[in-house]
Amino acid sequence: MCGRFLLEAEIDDLMRYYNIANAADFTIEHKTVYPSQATPVVIRHDAENRMGKMHWGFVIPGVKKLIINSRVESIFEKKSFKASIEQRRCIVPATAFLEWKDKKPYTVKFDEDALMSFAGIYKKHIGDAGEPVWQFSILTREANGSMAPLHERMPLMLPSQSFEAWMDPATNIDEIHRLLNHDIGKVLWSMC
């Protein structure tokens with residue numbers, strides 16, 4: 001997956017779709033989200049779904065660039081991701097993502113109106129001034145049959161019936177492994 005996705009939705013729609021308990025007191029600043037930008041992310045806290053803004057990309061000591069995507073194939077093996085995959089899983093709402101082929105941009109989505117729910121992990125980073133910065137990384141998998149002609153990777157997308165299990169820190173690891181192998185099915189892509 002490339003480093004850009006779209007979120008063309010209203011906060012109220014996201015709150016309804018993800019059954020958010022807390023009232024979101026922010027707006028969506030970026031309809032096209034780039035690495036390092038803040039965007040709405042859904043987590044499960046105190047047995048409730050909550051939405052807040054996090055920045056896209058993990059800062060990892062000794063690594064110069066942000067880690068915006070994490071491969072499902074090695075997520076449990078990487079020290080930088082182990083605690084997050086085990087205890088801090090989130091959902092990243094999107095309406096589409098962008099991918100390039102032959103230097104041409106393509107939009108990938110389900111259909112005109114459907115939300116995509118990317119599986120993510122999150123963590124707290126302490127910024128240069130000592131302030132906490134919440135960050136997320138999107139999990140990616142090998143492309144399925146409908147995506148493979150465009151690109152070899154794609155985000156791991158979750159169906160709505162898996163939201164609670166994915167975000168709940170108490171979900172057992174066997175269930176998380178099952179969700180990591182989920183294929184959402186057909187995606188549609190077209191040139192921008």
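Coordinate-derived values only; no laboratory data. What you see is a predicted model; the values in this text were computed from it and never measured. Cβ coordinates were reconstructed from backbone atoms using ideal geometry, including for glycine residues, and neighbour counts include every protein chain displayed.
Assorted remarks:
- Yes/no for GLN135 being under 18 Å from the mean Cα position of the chain (by Cα), touching a residue at least 24 places away in the same chain (Cβ under 8 Å) and closer than 16 Å to HIS177 by Cβ: no
- Of the strands (runs of 3 or more DSSP E) lying entirely inside region 4-118, the ones with 2 or more residues being within 16 Å of LEU139 (Cα to Cα) are found at 38-45, 48-56, 69-71, 89-94, 96-101.
- Any hit, region 84-99, residues being within 20 Å of LEU150 (Cα to Cα) and over 12 Å from the mean Cα position of the chain (by Cα): yes
- Residues (part of a loop (DSSP other than H, G, I, E, B) and aliphatic (A, V, I, L, M)) located in region 128-173: ALA129, ALA143, MET147, ALA148, LEU150, LEU156, LEU158, ALA170
Table: residues versus (1) surrounded by fewer than 12 Cβ atoms within 10 Å (Cβ to Cβ); (2) out of contact with any Gly (no Cβ under 6 Å at 6 or more places or on another chain).
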position: ALA9; (1), (2): no, yes
position: TYR34; (1), (2): no, yes
position: GLU48; (1), (2): yes, yes
position: PHE58; (1), (2): no, yes
position: ARG71; (1), (2): no, yes
position: CYS90; (1), (2): no, no
position: ALA96; (1), (2): no, yes
position: LYS101; (1), (2): no, yes
position: THR107; (1), (2): no, yes
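- Residue within region 131-144 that is among the β-branched types (Val, Ile, Thr), farther than 22 Å from MET51 by Cβ and either out of contact with any Asp or Glu (no Cβ under 7 Å at 6 or more places or on another chain) or surrounded by fewer than 17 Cβ atoms within 10 Å (Cβ to Cβ) (or both) present: yes
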